Amino acid sequence: MNILYIVDTFSIIEPMGTLQLSAIMKARGHQSFICAIDDGNALNRIAEWRIDAIACSFMSTEAGGFNALVREIRQYYPSIPIIAGGPHPTYYPQIVDSWGLDAIVVGEGDHVIAELMENLYSGKDISHLMNVHTKQFKNQQGNLVEDLDTLPFSDRELLKELAPFKYIPMKSFFATRGCPYSCSYCFNSAFNKMHKNKGEVLRRRSVENLIQELEEVKSNTPMDFVRFGDDTFVMKYDAWVEEFCDKYPKRVGIPFYFLIHPNLASEILISSLKKAGCHSIMLGIESGNEHVRRKVLDRYVADATIKKAFDLYRKYDIKVFSNTILGLPETTLKEDLESLNFTLDCRPFYSGFTVFTPFPGTVLGEYSKQKGYVKGSDDFAESFPISMQSGSMLNTVTDRQRDIHRNILVLAPIANLFPWLRKLVVEKLIYMKPNWFFDFTGFLARNYCNMNIFPFGKSLYTFVQIFNKVVRIDKKNYATQKKVLPAKLPVLETVKV
Ligand code: B12
Ligand code: SF4
């Protein structure tokens, strides 16, 4: 089969779920093709590449564009099998009843994608497949992938000739799947509940398997920075970390980044990872108010623990990208300002802020909906913002608070980079009307910080490619985007065998 994988956009980070599934399908002899809907030519690609089946992967923020695209594809190719998976179909599976999809996969797709696509294509039964929902049936969740080493390495060939990936020498890897924490705003709380008794939540590849993939990618592709995308790369200093810190510098030796929880900072862990090549990390602060953190976010971490973690990472000269959420349910401007001040006190390298978004399936998302805090319709395809940097979706947030949020998002990194500006930013500038000057300086600060957290690619050409991409991602909006529609119905027939 010729399978077309569709993602929303080609950002500077590879779509790893899609690359994993493509590797599984290629191992069974199928051909893979990929396109992004924001290029506007998906419909033409189906005819041009003689596509037999389509696999869409998307988050909730991307659902509106996919809904429109699936409708368009159905007009031109009524019988081509279309399936979908990823975060939105997982946490909002009701889409299968109204979107015109043949099936969706809830949760991990590795065990089921081959049989699902092959059976759909050849008209065979799919009603026995775990994790699969259709209009007619909604099957239960099967077991989680137990041994990650049994999965093939991600199919990076799929992106090899594609911009921006071919210009970007930063490559993503996953050492684990799952997260044992249950923060109320995050998808893991829902994922873990959904997979109760379906296997271990946190699974880890062997160091050897991970290093072999890193070596393979390093020998095939330009790679000068490694980004571990795991929810929590490591949990503590243990035999795995010891082995990783021994093998990684010898066999890979490229600076790397990962995400970790502030509860897990210990001197031995941080010093060992630094020696192994750790350049930067992401630490979640999420709220500067300990009560909110515990009671609203289900994040059981003390102020002092967070500050100690920042101090330790600073001591080992590891650059920290922090994340703090504004506009949380049942909080006011007072807590937002506490969060701003606490974040600046922690002195991250880059103080990232987002606005709370009530994602479907998450504890806090569902709570906000039940309480009537969510603006607009219940249809996530219609009402979801395209990014957590957009204005709040909660009707409890005032217009003044929205303006202040917007200013904090762009000005906090500036106050953080230039501490002598902190008083001015915190006491005056964030209360002004948002304006292009704040946005522009914030954009520069954000990209300066990003370039230091992810210091990959030194050429001007890479810089221009990435800059283009960043500008485009910031402006992304499928509804107003120019699309290339086929002028008349293509002659392609989908052949069922
Ligand atoms: C990397 C990442 C990104 C990258 C995306 C890069 C890319 N090109 O895809 C970037 C940084 C751009 C990003 C941005 C955002 N992200 Co993000 N991101 C992730 C992250 C950390 C890893 C994704 C990943 O690669 N996972 C590993 C692969 C193997 O797993 P997977 O993708 O889930 O795929 C498996 C299954 O889902 C399934 N599957 C997936 N696709 C398909 C398709 C088919 C057909 C089938 C059958 C199965 C299937 O099978 C795969 C293998 O088992 C996840 C968290 C996570 N751990 O997954 C959050 C996550 C996906 N992001 C999330 C969010 C909220 C965002 C933002 C909105 C945040 C923001 N700051 O604005 C933005 C959205 C930007 C936008 N475009 O609108 C949420 C999504 C929640 C939701 N309901 O949609 C997640 C789940 C994290 C969370 N905190 O809850 N993100
Ligand atoms: S620690 Fe991070 S990935 Fe894990 S549940 Fe909390 S927010 Fe989600």
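The values are calculated or read from the model by the stated rules, or taken from the named source; none is laboratory data. All figures in this text were calculated on a predicted structure; none of them were measured in a lab. We place every Cβ from the backbone using ideal geometry, glycine too, and count neighbours over all the protein chains shown. Just so you know, the surface numbers come from the protein's heavy atoms only, side chains and all, with ligands and any DNA or RNA stripped out. Shrake-Rupley method; radii C 1.70, N 1.55, O 1.52, S 1.80 Å.
Defining a contact as two alpha carbons under 8 Å apart and six or more residues distant in sequence, what relative contact order in percent does region 2-133 show?
Relative contact order of region 2-133: 24 percent.
With a ≥ b ≥ c the root eigenvalues of the C-alpha gyration tensor of region 2-133, is it rounded (a/c under 1.5), prolate (a/b larger than b/c) or oblate?
rounded
Using a cut-off of 17 Å between alpha-carbon atoms, which aspartates and glutamates can reach residue 171, once sequence neighbours fewer than 8 places away in the same chain are excluded?
Within reach: 14, 155, 157, 161, 213, 215, 216, 224, 230, 231.
With unit charges on the beta carbons (Lys and Arg positive, Asp and Glu negative) and the dipole taken about the Cα centre of the chain, which residue among 396, 197, 120 sits farthest to the positive side?
396
Using helices alone, I'd like the mean residue ellipticity at 222 nm for the chain: each DSSP H run of four-plus residues gives -39500 (n - 2.57), total over residue count, nearest 500.
Calculated from helices alone, the mean residue ellipticity at 222 nm is -12000 deg cm²/dmol.
Sorting 299, 446 by accessible area (1.4 Å probe), largest first, what list results?
I get 446, 299, largest accessible area first.
Enter the angle in degrees (range 0 to 90, nearest 10) between the Cα long axis of helix 267-276 and the first principal axis of the Cα atoms of the chain, meaning the one along which they spread out most.
In the chain, helix 267-276 runs at an angle near 60 degrees to the longest axis.
Compute the acute angle (0 to 90°) between the alpha-carbon long axis of helix 399-417 and the principal axis of greatest extent of the alpha-carbon atoms of the chain; round to the nearest 10°.
Here the helix axis deviates by roughly 70 degrees.
Could you do me a favour and compute the accessible area per residue for the chain, 1.4 Å probe, result in Å²?
44 Å²
Need the C-alpha centroid separation for region 170-194 versus region 13-44, integer Å.
23 Å
In nm, to one decimal, how far is the modelled label at residue 341 from the one at residue 311, with both set 7 Å along Cα→Cβ?
2.0 nm
Taking the DSSP beta bridges in the chain as the whole, what percent of them are antiparallel, to the nearest 5?
15 percent
Given the peptides 83-91, 320-328, arrange them by the average over their residues of other C-beta atoms within 10 Å, most packed first.
Ranked by mean Cβ neighbours within 10 Å, highest first: 83-91, 320-328.
With the contact rule set at Cα under 8 Å and sequence spacing of 6 or more, what percent relative contact order holds for the chain?
With pairs under 8 Å counted, the relative contact order is 16 percent.
How far apart, in nanometres, would the label points at residue 197 and residue 334 be if each is projected 7 angstrom from Cα along the Cα-to-Cβ direction?
Result: 4.5 nm between the two label points.
With the full set of protein chains in place, find how many percent of the accessible area of the chain is carbon and sulfur; take the probe as 1.4 Å.
56 percent
Identify, among 206, 418, 435, the residue whose Cα sits farthest towards the positive end of the charge dipole of region 169-457, taking +1 on the Cβ of Lys and Arg and -1 on the Cβ of Asp and Glu, with the dipole about the Cα centre.
It is 418, whose Cα lies furthest towards the positive end.
May I ask for the angle, rounded to the nearest 10°, between helix 207-220 and the longest principal axis of the chain, with both axes built from Cα atoms and the value confined to 0 to 90°?
80 degrees
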